[in-house]
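Encoded as structure tokens, the structure appears first; notes follow it.
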Amino acid sequence: MATGAAACDSERTTRAGRPTLTTTKLMTLLGALALVSGACGPEPATTATTPSETNTGSDTTTTAPTTTAPTTEPGTTTTAPGTTTTEPGTTTSDTTTGGECVAFETFEPPDEDVLPVQFTCGQDAVVCPSNGPAGLFTFEGAPEREDAAGTEDLSRVHCLLEALRDRTPGLVTYELSWPVLGTDRGPLEIAGEFVISRREVLNDFNYEYREAALLLEPPQLFADCRAQNTASAAWACLRPYILVDSQQLECVTAPLVCA
């Protein structure tokens, strides 16, 4: 820095004291001025650069992957695998059609002398007509308590067994004779594979009416009863239908469907 300052002072003296210079001196002076200009000019700015840190070791930094939760459209339902969804209005479990037995009973007598029939398939053709006022079966006591039965018209009893065996459509009317203070009567309406059994009992001032649709047993059962050729054997086959016994026979379930 001292050499630069001296050069600057020499330059000022030369310019002030000597108006003319020789060529050699001038060239020498210009060279010196060039050196002085470089020395006297502002120092160039320096930029401090911080080297980035570099990890050259064996350790590796692992960045966990970003997980984006699945989006569900509004109004939709996500079901876990292995589960079953049921659409509204459907049923997963097995469904049984039909309802309770087609049956009716009352203890109130009708206003008129007619049966209070509730169900029918319209099978009103007369089957096995009666030849007189005699009852279909006769008993010593109430039919519910009797295993033995008699008849004054065995051919009509046989006709009824054959009609049930053959599923002959139509209506069989009957009466039961026993020490009843009134009447015990009813019809059997044969309608395909079932019969609509009706029974009305008026005993003294007690009234009872029962009605039910009962499935017919296999034809062979009625054939076997017919072959025994006795009133008691026929009664054993016919009593659950005449007594409207839905506990012993399988009933037809609602709604009633006629063939």
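The values are calculated or read from the model by the stated rules, or taken from the named source; none is laboratory data. Predicted model only: the values in this text are computed from it and were never measured. Cβ: placed from backbone, ideal geometry, glycine included. Neighbour counts: every protein chain shown. Note: accessible area is taken over every heavy atom of the protein model, side chains too, but ligands, DNA and RNA are not part of it. Shrake-Rupley method; radii C 1.70, N 1.55, O 1.52, S 1.80 Å.
Structure notes:
- Flag for residue 197 being open to solvent by less than 60 Å² (accessible area, probe 1.4 Å), more than 41 Å from the chain's Cα centre (by Cα), hydroxyl-bearing (Ser, Thr, Tyr) and modelled with pLDDT of 95 or more: no
- Residue count for the range 146-169, restricted to those that are open to solvent by less than 50 Å² (accessible area, probe 1.4 Å) and either part of a helix (DSSP H, G or I) or among the charged types (D, E, K, R) (or both): 11.
- Qualifying position, being within 20 Å of residue 149 (Cβ to Cβ), of a type outside the set (S, T, N, Q) and touching a Leu at 6+ places or on another chain (Cβ under 7 Å), among 236, 213, 231: 231
- Pairs, first over 15 Å from residue 244 (Cβ atoms) in the range 168-183, second of a type in the set (Phe, Trp, Tyr) and surrounded by fewer than 18 Cβ atoms within 10 Å (Cβ to Cβ), C-beta under 9 Å, six or more apart: 181/205; 182/205; 182/207
- Residue check, residue 185 at negative phi, open to solvent by 20 Å² or more (accessible area, probe 1.4 Å) and not in a loop (DSSP other than H, G, I, E, B): yes
- Per the conditions (1) at pLDDT 95 or above; (2) touching a strand residue (DSSP E or B) at 6+ places or on another chain (Cβ under 6 Å), the sole criterion not satisfied by residue 246 is (1).
- Qualifying positions in the range 231-245 - open to solvent by less than 60 Å² (accessible area, probe 1.4 Å) and over 16 Å from residue 193 (Cβ atoms): 231, 232, 233, 234, 235, 237, 238, 239, 242, 243, 244, 245
- Top-ranked residue in the range 93-118 [being open to solvent by less than 60 Å² (accessible area, probe 1.4 Å) and in a loop (DSSP other than H, G, I, E, B); ranked as modelled with the lowest pLDDT]: 98
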